[in-house]
Structures are given as structure tokens and as C-alpha cells.
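For reference, the structure is listed below as C-alpha cells.
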């Protein structure tokens with residue numbers, strides 16, 4: 001099984017990328033590729049840019065990565081209650097090439113943040129919107145207070161209850 005995982009952030013220290021990579025590592029017998037949204041940096045989407053340059057090759061490259069996956073593990077960063085601009089831009093460019101950006105792949109959808117709500121606002125938005133763009137969301141998970149519940153040295157969830165919750169979600173949903 002091929003898993004493509006990414007965090008919906010362009011931060012070089014993305015906590016969502018870390019969570020996505022950790023969750024992907026929990027799947028048995030899987031080949032995991034962790035994407036970095038910085039590798040898909042494009043001009044801010046506009047119809048004017050699209051008229052000038054056409055479909056951006058990095059958007060097609062992103063879609064090709066998703067197409068090669070059997071399963072997507074996505075952890076959304078929350079910026080002021082919504083998607084990060086980095087994710088939204090990749091999504092916007094990609095959706096102009098293929099409406100079903102997520103290509104009907106099964107998805108583990110997650111979010112985390114430094115705060116106690118764990119990115120629940122952006123998680124709710126994504127749960128509502130992503131199926132319209134070909135996401136087959138099989139399960140979701142929110143990790144609150146990332147700094148208190150994730151061990152950066154070990155690269156794993158340090159809160160035993162939350163770690164078991166994620167493991168049980170994976171075991172029962174995939």
C-alpha cells in the first residue's frame with residue numbers, strides 16, 4: 001500500500017506535517033511518502049495568472065503524487081480558523097486541472113494546533129468541503145495542544161490516551 005501524507009502548511013517546522021508523518025507510520029506494510037507543500041509553491045492563484053501561464057506544472061505534479069497513492073493522510077493547519085494560504089493555493093491551482101483533487105482516495109483527515117481545540121475549525125471545514133473534491137474521508141482525528149501532546153524528539157504522540165485513540169481509529173477504519 002502506498003500512502004501519501006502531508007500537512008496543510010508551508011512552515012518548515014510544520015506540526016501538521018509531523019502529525020501526518022507519524023500517523024502514516026502507524027499503518028502496517030505501507031510505503032510512505034511525506035510531501036512538503038514548499039515543493040509546490042506557485043504564484044497566488046488568480047484567473048489572470050491562469051490565463052497568462054495556463055495550468056501550473058507544480059499543480060499537476062501535486063495531483064500526480066495524490067494519484068499514485070492508495071491512501072491519503074492529511075493534517076490541516078489552521079490559520080485564523082481556516083486553511084493556510086499555502087494549502088489553499090495548491091488546492092486552487094490543482095482544482096482547475098482536476099475538480100476531484102483527492103481522486104476518490106480513502107483519507108485519514110486530521111488537524112492539530114498549539115491550542116486546546118486542535119484545529120477543530122479547519123477540520124470541520126475540510127470534512128464538509130473535501131468530499132465535494134473527491135475525498136473519501138474514512139476517519140478524522142484532532143490533536144489538541146500539540147506542544148503538550150507530541151514528543152518532538154521521538155516524533156510521536158506522547159499523550160497515551162490520544163495516541164491510543166489515533167491507533168484505534170486507524171485499526172478500525174482502514
Taking residue 118, is it modelled with pLDDT under 95, in contact with a strand residue (DSSP E or B) (Cβ under 9 Å, 6 or more places away or on another chain) and surrounded by 15 or more Cβ atoms within 10 Å (Cβ to Cβ)? yes
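Does at least one position in the range 45-61 carry a residue that is in contact (Cβ under 8 Å) with a residue 12 or more places away in the chain and under 15 Å from the mean Cα position of the chain (by Cα)?
Scanning the range 45-61, I find no residue that is in contact (Cβ under 8 Å) with a residue 12 or more places away in the chain and under 15 Å from the mean Cα position of the chain (by Cα), so the answer is no.
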For residue 48, are the conditions met, namely being buried (at least 16 other Cβ atoms within 10 Å of the Cβ), out of contact with any strand residue (DSSP E or B) (no Cβ under 7 Å at 6 or more places or on another chain) and farther than 19 Å from residue 18 by Cα? no
Of (1) under 14 Å from the mean Cα position of the chain (by Cα); (2) surrounded by 15 or more Cβ atoms within 10 Å (Cβ to Cβ); (3) farther than 19 Å from residue 27 by Cβ, residue 145 satisfies every one except (1)
Looking at the range 4-21 only, could you name the residues that are surrounded by fewer than 23 Cβ atoms within 10 Å (Cβ to Cβ) and touching a helix residue (DSSP H, G or I) at 6+ places or on another chain (Cβ under 9 Å)? 10, 11, 12, 15, 18
In the range 96-119, how many residues are farther than 14 Å from residue 74 by Cβ and touching a residue at least 40 places away in the same chain (Cβ under 8 Å)? 4
Helices (runs of 4 or more DSSP H) contained in the range 1-116 and holding at least 2 residues over 22 Å from residue 137 (Cβ atoms): 47-53, 57-67, 85-97
Read through the list (1) under 17 Å from the mean Cα position of the chain (by Cα); (2) buried (at least 16 other Cβ atoms within 10 Å of the Cβ); (3) at pLDDT 95 or above, then give the number of the only condition that residue 79 fails. (3)
Which of the residues that make up the range 127-174 are in a helix (DSSP H, G or I), touching a residue at least 60 places away in the same chain (Cβ under 8 Å) and within 25 Å of residue 100 (Cβ to Cβ)? 169, 170, 173
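The values are calculated or read from the model by the stated rules, or taken from the named source; none is laboratory data. The model shown is predicted, which means the values in this text are computed figures rather than measured ones. Glycine gets a Cβ as well: all are built from the backbone with ideal geometry, and neighbour counts include every protein chain shown.
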